[in-house]
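J.: Just dropping this structure here.
The values are calculated or read from the model by the stated rules, or taken from the named source; none is laboratory data. Bear in mind that the values here come from a model prediction, so they are computed numbers and not experimental data. Positions of Cβ are generated from backbone atoms using ideal geometry, with glycine treated the same way; all protein chains shown enter the neighbour counts. Note: areas computed on protein heavy atoms with side chains; ligands, DNA, RNA excluded. Shrake-Rupley method; radii C 1.70, N 1.55, O 1.52, S 1.80 Å.
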Amino acid sequence: MAKQEEILRIFPDYMRARWEKPLQRADKLQEIRMGIGQPVRLMLDGEERFLSCRGCVSTSCQDAWYMTEREMEEILKNVCHYSMYAFENEIRQGFLTIQGGHRIGMAGQVVLNENGNVRNITHIRFMNIRVSHEVIGAADEVMRYLYEDGRFVNTLLVSPPGCGKTTLLRDIIRQISEGNRYAGGKQVGVVDERSEIAGSYKGIPQNRIGMRTDVMDGCPKVQGMMLLMRSMAPSVVAVDEIGGCEDMRAVYQVLQCGSSMLATMHGNSLEDIRKHMNAGGTVAGGKGSFYEPEDFFERYVFMERKRGRCRVREILDKKGGRLYFPERMRVC
Amino acid sequence: MLKLAGCGMVMAGCLGTALVWCRDFRQRLLLLKEIRTIYEDLKYYISYQKITVPDALFKLSENRNMFFSAVFLEIYEEQQEGREEFPGIYARRLRGVLLKTPLKKEEGRLLLAFPSCLGFMEERAQAGALDELLRETTQRIKLLEEEQKNKNKMVISLGLAVGGFLSILLI
């Protein structure tokens, strides 16, 4: 199904005519932001635009379409196929993934349970539709640095948010799984806690992640890694946004089992990585001892965003030596 | 001789009409029982399997003995195409099928009213919302069962009596 069609299906049929014009540029569309009493905003190729009731896209919000409560409710019902109870867990987490891997973030009034955890979000008043854009070939330039004698080395992708970590991770997974010029295809296990990597809809990956990839969708990272190790025997385990001692303990167990690790982390330097690894505690039982990045990873791929483009800044080896200091390779 | 044959045919016609009425009555009862089963199954799919309503209809359509299985499959398939919203597809498709059944308007409404009770965030609340329709359907079945006991014999007797009366008139 075309991206245009996938996004159009989010909206009830009477609203669809308004979306035809903006969706002609679906490949440039990054986000659709809606809120009750607020104008409908589109992020088109990095720039904010407003959608009018007649379906015109403009830079001014004068004629903009201001979303009503009823319209918002109808969109939500339509997205959930009139079965909101079936998406209760996703709504509780604040987002749901639809066909095509597009994510709909939600905000509204939060209902807490007796333990103070989020029980549900009622009165959903704000939505952010993030259009999925997978970049096939994003990892082409990086792959050669991630193998040693045909073995995929433990790799950590590091950058601040919004620099293309997940896009790069997804393409690396695809290339490991399909095989590339540096090694044959390998079995990959993905723990996709927030359905961002594979963009699974009803458990079926919507993004191209390779023919030898198993996905544990919507599962917490620590449990997911252990489940995959027990049941699917992956050669490489991939997770998004690790951090903290709990996650590192799970990574350690994966490495002990002989699998390679591919992960992402927020940060900008080796020091940031060290801090994030040890957040929330220290090594189990070890007083004053800390996790060191080199105990886990053999490659660090640092990324950055410059002039609206995501690029690889540098690639470091286990000891922090520079393997790659490029004329800034572009990822997306 | 011809008169006698004519009387016999009149009697058979009246009895036939009475039997058709009884058959329609029985059919209505069977369809209402099927609607009750549909709601019970939907409750199960919602509260235990937590699947979406269109998927639940697809599961129901797998039961080929069910009168509504074909229409549920059509609703599911059309919903998957995504050209129209679920309540619209559901009402349009079901109305067409209900016209071909002996169900009365208010009995058909028991099934048509289903989308109006959708929209709950929790599965228990959503399953609970079906209880009202389930209760109404059960009540309607009870009424019809009692009616059936009393009316069936009466209608057949009436059919025979009318047949007899018309025969006397004709002779």
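J.: Considering only B:P54, B:I89, B:A70, whose Cα is most displaced toward the positive end of the charge dipole of segment B:17-156, charges sitting on Cβ of Lys, Arg (+1) and Asp, Glu (-1)?
T.: Of B:P54, B:I89, B:A70, it is B:A70.
J.: Which log10 I(q)/I(0) values, to two decimals, does segment A:104-179 give at q = 0.23 Å⁻¹ under the Debye formula with one point per Cα?
T.: Summing over Cα pairs of segment A:104-179 leads to -1.04.
J.: Now a separate question. Rounded, prolate or oblate: which fits chain B when a ≥ b ≥ c are the square roots of the eigenvalues of the alpha-carbon gyration tensor, with rounded for a/c under 1.5 and prolate only if a/b beats b/c?
T.: prolate
J.: At B:S116 and A:Q109, where each label point lies 7 Å from the Cα along Cα→Cβ, what is the point-to-point distance in nanometres?
T.: Output for this residue pair reads 2.5 nm.
J.: What lysines could a cross-link reach from A:K3, if we take a straight Cα to Cα line under 26 Å and drop same-chain neighbours fewer than 8 places away?
T.: Answer for A:K3, where 26 Å is the Cα cut-off: A:K21, A:K28, A:K77, A:K165, A:K202, listed by chain and number.
J.: Now for a different question. Probe radius 1.4 Å, ligands and nucleic acids ignored: give me the carbon and sulfur share of the accessible area of the protein assembly as shown as a rounded percent.
T.: That share works out to 51 percent.
J.: What's the average, rounded to a whole number, of partner chain beta-carbon atoms within 10 Å of each residue's beta-carbon in A:81-94?
T.: 6
J.: Per DSSP helix of 4 or more residues, -39500 (n - 2.57); summed, then divided by the residues of chain B. What does that give at 222 nm, rounded to the nearest 500?
T.: Working: 6 runs with 134 residues, N = 171.
Result for chain B, helices only: -27500 deg cm²/dmol.
J.: Separate question: With a ≥ b ≥ c taken as the square roots of the eigenvalues of the C-alpha gyration tensor of segment B:32-120, please select rounded if a/c is under 1.5 and otherwise prolate if a/b is larger than b/c or oblate if it is not? Kindly include the intermediate steps, with their values, before the conclusion.
T.: Values: a/c = 1.38, a/b = 1.16, b/c = 1.19.
Rounded.
J.: Taking the Cα-to-Cβ direction at B:N152 and at B:R124 and moving 7 Å from each Cα, how far apart do the two end points lie in nm?
T.: 4.2
J.: Quote the FRET efficiency, to the nearest 0.05, computed for B:R83 versus B:Y44 with a Förster distance R0 of 25 Å and r equal to the Cβ-Cβ distance.
T.: That pair, B:R83 with B:Y44, gives E of 0.25.
J.: Let me ask something else about it. Could you work out the per residue convex hull volume over the alpha carbons of the protein assembly as shown, in cubic angstrom?
T.: Cα-based convex hull of the protein assembly as shown, divided per residue, equals 214 Å³.
J.: Relative contact order of chain B, please, whole-number percent, based on alpha carbon pairs below 8 angstrom and at least 6 residues apart.
T.: This gives 41 percent for chain B.
J.: Can you find, among A:G162, A:F152, A:G116, the residue farthest towards the positive end of the dipole of segment A:60-167? Put +1 on the C-beta of Lys and Arg, -1 on that of Asp and Glu.
T.: Of A:G162, A:F152, A:G116, it is A:G116.
J.: What percent does the relative contact order of chain A come to when contacts are Cα pairs within less than 8 Å and at least six residues apart?
T.: Computed value for chain A: 13 percent relative contact order.
J.: When a/c reaches 1.5 or more, the comparison of a/b and b/c decides; with that in mind, is segment B:99-156 rounded, prolate or oblate per its Cα gyration tensor?
T.: oblate
J.: Could you list which residues have their amide H under 5 Å from that of A:G210, counting only those 5 or more apart in sequence or on another chain, with H placed in the peptide plane?
T.: Placed amide hydrogens put nothing under 5 Å from A:G210.
J.: Here is a further query. Would you kindly derive the ³J(HN,Hα) couplings of segment A:158-166 from the backbone phi angles with the Karplus curve 6.51 cos²θ - 1.76 cosθ + 1.60 (θ = phi - 60°), listing them in order in whole Hz, with x for Gly and Pro?
T.: 10, 5, x, x, x, 10, x, 4, 5
J.: From the phi of every residue in segment A:231-243, what ³J(HN,Hα) in whole Hz does the Karplus formula 6.51 cos²θ - 1.76 cosθ + 1.60 yield, where θ is phi - 60° and glycine or proline is x?
T.: Computed from phi, the couplings for segment A:231-243 are 9, 10, 6, x, 7, 10, 10, 10, 9, 9, 6, 7, x Hz.
J.: Hey, got a sec? Which chymotrypsin sites (Phe, Trp or Tyr not before Pro) in segment B:1-68 land in a DSSP loop and have at most 10 other Cβ atoms within 10 Å?
T.: Values: sites: B:W21, B:F25, B:Y39, B:Y44, B:Y45, B:Y48, B:F58, B:F67, B:F68; in loops: B:F67, B:F68.
Of the chymotrypsin sites (Phe, Trp or Tyr not before Pro), not one in the loops of segment B:1-68 has a Cβ with at most 10 other Cβ atoms within 10 Å.
J.: Restricting to chain A, what percent of DSSP beta bridges are antiparallel, rounded to 5?
T.: Values: 46 of 68 bridges.
Expressed as a percentage, antiparallel bridges in chain A total about 70.
J.: Let me ask you something else. Quote the charge dipole size of the protein assembly as shown about the Cα centre in Debye, to the nearest 20; the model charges only the Cβ of Lys and Arg (+1) and of Asp and Glu (-1).
T.: Details: 72 positive and 65 negative charges, 197 e Å.
So the dipole magnitude of the protein assembly as shown works out to roughly 940 debye.
J.: Amide H to amide H, which residues 5 or more places from A:L323 or on other chains are under 5 Å from it, using H placed in the peptide plane?
T.: Long-range HN contacts for A:L323: A:I315, A:L316, A:D317.
J.: Between segment A:75-96 and segment B:52-131, how many Å separate their Cα centres?
T.: 19
J.: Show me the helices of chain B, taken as full DSSP H stretches, that run 24 Å or more along their long axis by Cα and average 0.0 or above in Kyte-Doolittle hydropathy.
T.: B:2-44
J.: Under a crude label model (7 Å from the Cα following the beta-carbon direction), how far is A:Q30 from A:Q223 in nanometres?
T.: The answer from the label model is 3.4 nm.
J.: Starting from the amide H of A:N120, placed 1.01 Å from N in the peptide plane, find each other amide H under 5 Å away whose residue is 5 or more places distant or on another chain.
T.: When sequence neighbours closer than 5 places are left aside, the close amide H contacts are A:V111.
J.: Using the Karplus curve 6.51 cos²θ - 1.76 cosθ + 1.60 with θ = phi - 60°, what ³J(HN,Hα) values do you get for each residue of segment A:136-150, in whole Hz, with x for Gly and Pro?
T.: Residue by residue, segment A:136-150 yields 5, x, 4, 9, 3, 6, 7, 3, 5, 8, 9, 10, 9, 6, x Hz.
J.: What angle, in degrees between 0 and 90 and rounded to the nearest 10, separates the Cα long axis of helix A:245-256 from the longest principal axis of the Cα atoms of chain A?
T.: Once rounded, one gets 50 degrees.
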